[in-house]
Structures are given as C-alpha cells and as structure tokens.
1. Residue check, GLY202 against (1) within 19 Å of the chain's Cα centre (by Cα); (2) under 30 Å from ALA69 (Cα atoms), all met but one. Which one?
2. So which residues in the range 325-353 are surrounded by fewer than 16 Cβ atoms within 10 Å (Cβ to Cβ) and either more than 19 Å from ALA130 (Cα to Cα) or out of contact with any Ser or Thr (no Cβ under 8 Å at 6 or more places or on another chain) (or both), if there are any at all?
3. How about the range 84-139: which of its residues are within 24 Å of ALA190 (Cα to Cα), over 17 Å from the mean Cα position of the chain (by Cα) and not charged (D, E, K, R)?
4. Is it the case, given these coordinates, that GLY318 is part of a loop (DSSP other than H, G, I, E, B) and more than 17 Å from the chain's Cα centre (by Cα)?
5. Out of curiosity, is ARG157 at pLDDT 95 or above, of a type in the set (Lys, Arg), crowded, with 17+ Cβ neighbours inside 10 Å and assigned to a loop (DSSP other than H, G, I, E, B)?
6. Six or more apart or on different chains, Cβ under 7 Å: which pairs go from a residue in the range 218-247 that's farther than 15 Å from HIS10 by Cα and free of Cβ contacts under 8 Å to residues at least 12 places away in the same chain to one that's assigned to a helix (DSSP H, G or I) and hydroxyl-bearing (Ser, Thr, Tyr)? Could you list them?
7. In this structure, does ASP315 turn out to be more than 28 Å from GLY33 (Cβ to Cβ) and not basic (Lys, Arg)?
Amino acid sequence: MPDFQVFDGHNDFLYRLQKHPESRAALWPNGDGTGHLDLPRMRKGGFVGGFFAMYIPSPDDDPKIDRDALMNEPSYDFPLDPLIGHIEGQPFAWSEACHFQWMERAALGVFRICRTGADVRAAMAEDAVAGILHMEGAEAIDPDLEGLYLWHAAGLRSIGPVWSRPTVFGHGVPFRFPGTPDTGDGLTEAGMRLVRACDGLGIQIDLSHLNEKGFDDVARISSRPMVATHSNAHAICPSTRNLTDRQLQVIAESDGIVGLNFATIFLRPDGRKDSAMGWDPIMRHLDHLVSMLGENRVGFGSDFDGATMPQGIGDVAGLPALCEAMLAHGFGRDLVAKIASENWLSFLDRTLR
C-alpha cells in the first residue's frame, strides 16, 4: 500500500474512453497498461479520487502542422481553435458522462461517483475510488443556461467556462510559449451569468484555461473560493497557461486552491514537451506555489491522459515516486500528505456540500 493517498484535481480519462469505447473494459476495470490511468494502477499509485473531465475535442487539426514537434522548439504560438456551439458539444459530452456512469457499474463498490465532500470521504472510508464530474470547457451548455441545471442534476460539480479556445462564455488562452495569460477579452455577459448560476448551485468554477481578464471577472463576480484545478507557476515556466504571482495572490486571498499540472510543457522552464526531465522543475513549482499560497492551498492536478508526463512519473503508478522525491527535496511528511490529498479534501469539505 503506498505511503500517501492522492486526490487529483484533473484527468482526461473520459475522453480516452470516448475514443476507444470498444476497449473500455480493458481500459478501466481490468487495466491493459496503456495510457496513464486504469483501476489497477490507481490502486498501485495510491490514487483515491479526483475530478474526471468531460472534454470536447476541436475539429481535426491541420495535418501539415506537427504540434508535438513545434512544442519542442524554443518558442511556439498556436492560434485559438474555433468556437464549438452547444448543439455540437452536447452529444459528445453526454456520451462521456455515460462512460462515467458506466465506470461505477463496471467497478461496483470499488469506484463511486461523488457529489459532495462527504461523499468523497465516505467512498475513501470504504476503500472505493471517488470520482467527481467536471466539464472542461462549457461547450455543452447553452447561452441561456437551461442545460446547466440538467447537468447539475446529473452530478456536475466543477466546470471550466473555456478550454483553450473561445466559447459563448469567455476566452481561453492559446498554447503559446513564452507568453502571459493576458491574451484577450474577459467573460461575456453569458459567462458572467454562468458564474453567478454556478455560485448558486454550488458548482466550482475552474480557472485553469481562462485568460487573465476572465480570471479577474470570476474573482469580481464569484463569492466562492477560487480554483485552478491544473495550473502551474508562471514565474517558473512562462506559459500562457500558468498563473502569475498576482493571480496566485488572488487565489490565496479567496482561500482557494491550485492543483499542480504534471504536463511537461507547463513544468519545464524552457516550455518544451520533452518528457526527459528530472524532479527539479516540479520542486521549483511546488516551492513557489507553497510560498505564494501557503501549505494548505496546493494540491495535484495531474492532467493524466491529456498531456505528456515527466519520465519520473510516467503514469498514475508513479505517484509514490513523486511523493518520495518531495520528501527527498525537504518537504516534511505532513506537507507531502497535505499536497497529495488533504488540501483537496479539506477544500471539498468547505465547498461541495
């Protein structure tokens, strides 16, 4: 049994199931060792729960553009993908939500869908992995927000108004290095209504893909703690997706939380996608996040099955190695336990009731 339990702020496993529905038994309860997540490796890695994201892919990229290769250049700048409307987005998201429901049936008693912090604690007490439904980019919700209430009834408890493209609610940051999150306009009128409605329903707003003006709009409108489920420190890696010190201070003042993203392009100071990296960049981000947010407001937000992982982590079974590296770096056991799971669990106790 791993020494540390891990609660994860973000993964893209549902999108992987959506792409391979014919293989989902192998991908989930049985575990075929592909990708980053499956039930056996979660057990091996001490993964006790997390937010499972519904993600809607953009139309096929230009095959002439090799994004993977370009992300290993000294700099890159990709234009924002086009907006996807709710008529296009709803069927895809509903299909992913159906996979999420199936995961519980396929691992009955071992995986449990949760809607509150108390649900998560109860699942853990019975040695079940806890899953909370998240929407990464609000393309599946109409501008009048009628669909939001249906999604809430279906278990949605976390939403990012945008992915790295525009929606009717706001503007995402492009994949650009080096760059800052100050890349365009803030929330639309519909986006402001979305934030207020989510506040009323108890759905957390994920800031991770919002640009700086959208971030500021959420801070101004929302009365709830601010959350970036999978973002890193801009001071260490100057990517548009990472948070500036000013943004981290705003999150700290709201008693919010930031989940460290394991994606190499947001960890490495050179912004490259290359997985050949040691522990030092991860520890530098953690040091900075703890210094800005305090010991109680930093967690993990892996981006498993949605990004390139550092070699030292590899997949979910590598979480114990990460925790050991944190101990070797000088973090005490209490702090490692906080970052690995306790900070997220405390946050959920306060916000998902």
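The values are calculated or read from the model by the stated rules, or taken from the named source; none is laboratory data. This is a predicted model, so every value here is computed, not measured. Cβ placement follows ideal geometry from the backbone for every residue including glycine, while neighbour counts extend to all protein chains displayed.
1. (2)
2. Let us first name the residues in the range 325-353 that are surrounded by fewer than 16 Cβ atoms within 10 Å (Cβ to Cβ), namely 327-330, 332-334, 349-350, 353.
Hits for the range 325-353 are LEU327, ALA328, HIS329, GLY330, GLY332, ARG333, ASP334, ASP349, ARG350.
3. ILE84, GLY85, HIS86, ILE87, GLY89, GLN90, PRO91, PHE92, TRP94
4. Details: part of a loop (DSSP other than H, G, I, E, B): no; more than 17 Å from the chain's Cα centre (by Cα): yes.
When the stated conditions are applied, GLY318 does not pass them.
5. no
6. none
7. Working: more than 28 Å from GLY33 (Cβ to Cβ): no; not basic (Lys, Arg): yes.
Criteria not met by ASP315.
This table checks each residue for (1) assigned to a helix (DSSP H, G or I); (2) closer than 20 Å to GLY306 by Cα; (3) modelled with pLDDT under 95.
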| site | (1), (2), (3) |
| --- | --- |
| ALA197 | yes, no, no |
| THR240 | no, yes, no |
| GLN249 | yes, no, no |
| ALA252 | yes, no, no |
| PRO281 | yes, yes, no |
| VAL290 | yes, no, no |
